[in-house]
Amino acid sequence: MRDTGPDMSEKRNNGIKRIPCIVLRDLTILPNVIMHFDISEEISIKGVAKAMASSQEIIVTTSYDADKTDITNGDINRIGTLVNVKQVIKMPNRISRVMVEGLNRAEIVKFLPSKDYRRVEVRVYSREELNDVTPEQGEAMRREILQRFFEYISFFPRTGKTFRAQFLDITDVGDLMDAIIANVPVENKKKQHILECLKISARFEEECRILEEEMGVARIRSELSNKVNGRVEKDQKDYVLREQLRYIREELGDDNPETEADKYKKTLEKLDAPEEVKEHILKEIDRFMNIPSGSSESGVEQAYIETLLDMPWNRESVENKSLENAERILERDHYGLKKVKERMLEFLAVKNLTEKGQTPIILLVGPPGTGKTSIARSVAEALNRKYIRISLGGVRDEAEIRGHRKTYVGAMPGVIAKGLQHVKARNPLILLDEIDKISSEYHGATAAALLEVLDSEQNRYFRDHYIEVPLDLSDVLFIATANTTDTIPAPLLDRMETVEVSGYTENEKFHIAKEHLIGKQLKKNGLKKSNLRIADSAIKAMINSYTRESGVRSLERRIGEICRKTAKLIYSGEKSRVSVTEKNLEEYLGKIKYLPEDEAKKPETGVVRGLAWTSTGGVTLEIEVNAMPGKGAITLTGQLGDVMQESAKIAFTLVRSMTEKYGKDARYFKSHDFHLHIPEGAVPKDGPSAGITMTTALFSVATDSPVRGDIAMTGETDLRGNVLPIGGLKEKLLAAKNARMKTVLVPEKNKRDFSEISEEITEGMDIIYVSRIEEVLERALVKMPEEVKKKPGEAEKKQSGAAEGKRKSLDNKKRRA
């Protein structure tokens with residue numbers, strides 16, 4: 001450290017602060033300069049956080065040895081800069097980018113004890129106590145240092161007038177010298193030396209000496225440029241700057257002439273990439289060499305070049321094309337899902353046969369917890385491809401897909417480019433998870449950005465905003481997952497091949513729990529097979545009484561809960577082995593959460609069991625109808641959607657047209673109000689598939705005919721009484737089976753769907769196909785009401801009475817006229 005003079009020690013009791021200390025490598029921050037730097041050490045991050053929570057002031061200094069990793073108090077320069085923290089940005093890989101403004105020179109008086117961060121006591125020097133010159137001397141120094149600086153930058157013709165003007169506006173000689181040395185590309189030790197020159201006069205002498213040295217180097221560079229241009233041919237102009245730098249370093253006696261730019265060029269020579277990519281990177285390296293090393297732009301350019309060099313332009317994994325291997329891995333990792341496995345193997349066969357860019361893009365649609373994500377992971381393992389999972393749930397910024405332009409502060413590549421950079425291969429399997437939950441509220445439509453990614457005709461030239469060079473995604477295998485296709489935009493859905501992943505049956509859940517989940521949770525909780533035994537009856541009880549889902553996610557949580565309680569018993573020494581049966585299951589999982597539905601409810605009037613599909617699987621709905629004296633209105637409750645309300649109105653009209661022959665004419669409907677309700681009013685419901693259910697319930701009330709309690713139904717109806725096809729049949733049949741329904745009515749036109757439904761689901765249920773509403777009523781009602789025969793001539797009497805009434809009305813109008 002430079003001698004501060006005898007008068008400095010006398011004033012050390014003034015300007016004392018106790019603040020955090022940040023130690024930087026190869027970067028000196030001077031007063032009145034705004035800069036940003038990156039920190040990754042936990043001790044520095046906590047120090048900045050402490051400062052932000054209080055005065056926002058820290059002291060920034062450097063270490064004597066920039067290459068040393070374990071820095072002690074003795075390695076730290078005592079003279080640093082008191083700065084004000086302006087901004088802190090969280091970057092990837094636990095890096096924080098800090099923007100600061102230099103305030104004053106400061107000296108570390110002593111190091112204070114602190115566990116989390118470096119805390120020091122500093123003496124802050126004000127401008128007045130460092131000013132040892134008169135105003136006339138200060139003005140003379142200002143003019144002299146400006147003249148030398150302008151002479152220095154005259155060797156750089158690209159420097160604009162604006163750059164010069166900003167130094168002319170600085171009137172204080174101390175501030176001017178700090179600003180000049182901050183913008184001169186000299187090594188960090190020289191800048192630290194200027195920082196340690198506390199007095200103005202001493203600082204002036206040292207800075208003049210540094211500027212003279214730099215002007216000498218600039219003159220040599222100018223002379224060298226003329227010499228090199230004379231001996232280098234036109235096709236070797238790319239090596240001019242390298243020759244110049246080598247000559248300058250030889251003159252300075254630099255033992256390590258290799259710079260960051262040289263390292264980048266060596267890496268570029270080894271890089272396996274297209275020629276246009278290499279040319280672009282080389283231009284960026286040349287640009288980086290001309291940027292002052294201390295400027296913020298240098299850091300941005302350096303990060304950009306490193307990202308480009310790190311991308312896997314032509315690097316790819318060696319793919320395993322064996323279908324036998326893929327089938328073995330899918331069977332090992334997943335129980336059931338036969339149709340899904342067949343479709344995946346078909347896709348892999350097509351991919352092996354098609355040319356580049358024709359790989360099918362797969363969309364797995366199904367309820368949560370049915371293994372969509374794990375199937376994608378198994379496919380990646382089967383193909384020997386790298387695996388990237390990108391969660392799109394809640395993503396609403398296009399820049400997360402395409403990246404930010406590198407001109408923005410904290411810019412970074414998008415998730416696609418970042419994933420490729422991470423796995424170091426250009427042909428990974430990318431899983432686009434929860435693609436149905438992307439949002440497009442603002443910052444551009446995320447779905448529109450995905451259109452280019454998932455289009456095989458466009459994605460070979462995918463352009464990330466940060467990378468700027470086209471990326472070839474045609475060798476990437478994309479698999480997307482969704483719970484429903486309703487929220488996926490039509491153009492995006494059109495680019496994907498949909499594969500249905502249906503819910504599991506009770507038997508499938510039992511085998512998955514026994515063969516996969518229990519072993520997984522034992523390992524996760526540190527248990528051995530000998531420590532815990534779960535009986536088959538306990539597994540079935542968990543499935544029926546503690547979970548209500550299409551997948552197995554909740555079932556896995558229940559097994560994990562048993563394993564945790566077992567781990568506690570074994571660790572405490574209370575037991576060495578735990579056996580869980582159906583009888584003692586409540587000791588581990590508490591009271592039963594889901595009571596079994598009544599197997600055979602008594603026949604009731606106006607109550608019909610319907611079947612519905614949701615994004616989490618199939619459910620049963622009880623539709624209730626009551627009739628009461630009124631004026632013919634119909635009330636709908638239970639939070640019904642627009643489509644379901646329209647279905648209720650169609651059902652009401654259909655029932656009114658049908659019931660006249662059963663003795664319920666228009667007078668009955670004009671004198672009665674009807675109330676249709678679907679329980680669980682907090683849950684929104686929509687869709688047309690409850691049409692025949694609502695028609696049956698309304699007909700039951702209108703004719704006072706009870707409905708069987710062991711029957712369930714699904715189907716849309718029209719005004720003519722035709723039963724129309726519906727979707728989600730497998731999930732609805734599973735719901736009917738879990739509710740122990742004996743008979744299920746389904747549309748005749750859905751008969752073709754049963755080829756994809758296993759017998760295990762339909763076993764024990766009587767599936768009846770219906771095409772007309774009359775068939776539904778005959779099956780659902782305990783007894784059809786008897787038709788009322790009209791008396792002969794009754795219709796003619798009504799017609800003649802109506803005609804007589806019209807004639808009388810016309811006669812009355814004529815008399816008034």
- Does PHE37 satisfy the criteria of being aromatic (Phe, Trp, Tyr), more than 27 Å from LEU176 (Cα to Cα) and touching a residue at least 24 places away in the same chain (Cβ under 8 Å)? no
- Selection within region 631-663 - open to solvent by less than 50 Å² (accessible area, probe 1.4 Å), modelled with pLDDT under 90 and either in contact with a His (Cβ under 6 Å, 6 or more places away or on another chain) or of a type in the set (Asp, Glu) (or both): GLY638
- Which of the following residues is exposed (fewer than 13 other Cβ atoms within 10 Å of the Cβ) and at pLDDT 85 or above: GLU258, GLU284, GLU276, GLU355? GLU276
- Query: Can you tell which of MET412, MET344 is in contact (Cβ under 8 Å) with a residue 12 or more places away in the chain and either in a helix (DSSP H, G or I) or open to solvent by less than 10 Å² (accessible area, probe 1.4 Å) (or both)?
  - Reply: MET344
- Message: Looking only at region 460-474, filter to residues that are touching a residue at least 60 places away in the same chain (Cβ under 8 Å) and open to solvent by less than 30 Å² (accessible area, probe 1.4 Å); which one of those is farthest from THR307 (Cα to Cα)?
- Response: SER474
- Message: Of everything in region 415-435, what is farther than 25 Å from SER317 by Cα and open to solvent by 10 Å² or more (accessible area, probe 1.4 Å)? Give them in sequence order.
- Response: GLU434
- Item | Close pairs (9 angstrom Cβ cut-off, 6 or more residues apart or separate chains): touching a residue at least 12 places away in the same chain (Cβ under 8 Å) and farther than 13 Å from ARG119 by Cα in region 44-68, assigned to a strand (DSSP E or B) and open to solvent by 60 Å² or more (accessible area, probe 1.4 Å) anywhere | SER55/LYS17; GLN56/LYS86
- Query: Looking at ARG548, is it at pLDDT below 85, outside any loop (DSSP other than H, G, I, E, B) and open to solvent by 50 Å² or more (accessible area, probe 1.4 Å)?
  - Reply: no
- Determine, yes or no, whether PRO31 is in contact (Cβ under 8 Å) with a residue 40 or more places away in the chain and in a strand (DSSP E or B). no
- Note on the structure: Of those in region 305-328 that are in contact with a helix residue (DSSP H, G or I) (Cβ under 8 Å, 6 or more places away or on another chain) and among the hydrophobic types (A, V, I, L, M, F, W, C), the residue most open to solvent (accessible area, probe 1.4 Å) is LEU323
- Having 2 or more residues that are within 41 Å of the chain's Cα centre (by Cα), closer than 24 Å to LYS749 by Cα and among the hydrophobic types (A, V, I, L, M, F, W, C) is the bar; report the strands (runs of 3 or more DSSP E) wholly within region 617-730 that clear it. 617-629, 711-713
- Scan region 201-248 for residues that are modelled with pLDDT under 65, exposed (fewer than 13 other Cβ atoms within 10 Å of the Cβ) and part of a helix (DSSP H, G or I) and jot them down. ASN229, GLY230, ARG231, LYS234, ASP235, GLN236, LYS237, ASP238, TYR239
- Query: Is it fair to say LEU198 is in a helix (DSSP H, G or I), in contact with a helix residue (DSSP H, G or I) (Cβ under 8 Å, 6 or more places away or on another chain), surrounded by 15 or more Cβ atoms within 10 Å (Cβ to Cβ) and touching a residue at least 24 places away in the same chain (Cβ under 8 Å)?
  - Reply: no
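Okay, residues lined up against (1) over 27 Å from the mean Cα position of the chain (by Cα); (2) within 19 Å of GLY503 (Cα to Cα):
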position: LEU308; (1), (2): no, no
position: GLU319; (1), (2): yes, no
position: LEU323; (1), (2): yes, no
position: ARG328; (1), (2): yes, no
position: GLU331; (1), (2): yes, yes
position: GLU398; (1), (2): no, no
position: THR407; (1), (2): no, no
- Query: Could you say whether any residue in region 751-759 is at pLDDT 85 or above and open to solvent by less than 50 Å² (accessible area, probe 1.4 Å)?
  - Reply: no
- Scanning for something over 30 Å from SER545 (Cα atoms), in contact with a helix residue (DSSP H, G or I) (Cβ under 9 Å, 6 or more places away or on another chain) and either in contact (Cβ under 8 Å) with a residue 12 or more places away in the chain or not in a loop (DSSP other than H, G, I, E, B) (or both), does region 506-514 turn up at least one residue? no
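The values are calculated or read from the model by the stated rules, or taken from the named source; none is laboratory data. This is a predicted model, so every value here is computed, not measured. Because the Cβ atoms are built from the backbone with ideal geometry, glycine has one as well, and the counts that use them run over all protein chains shown. Surface accessibility is based on the protein's heavy atoms, side chains included, excluding ligands, DNA and RNA. Shrake-Rupley method; radii C 1.70, N 1.55, O 1.52, S 1.80 Å.
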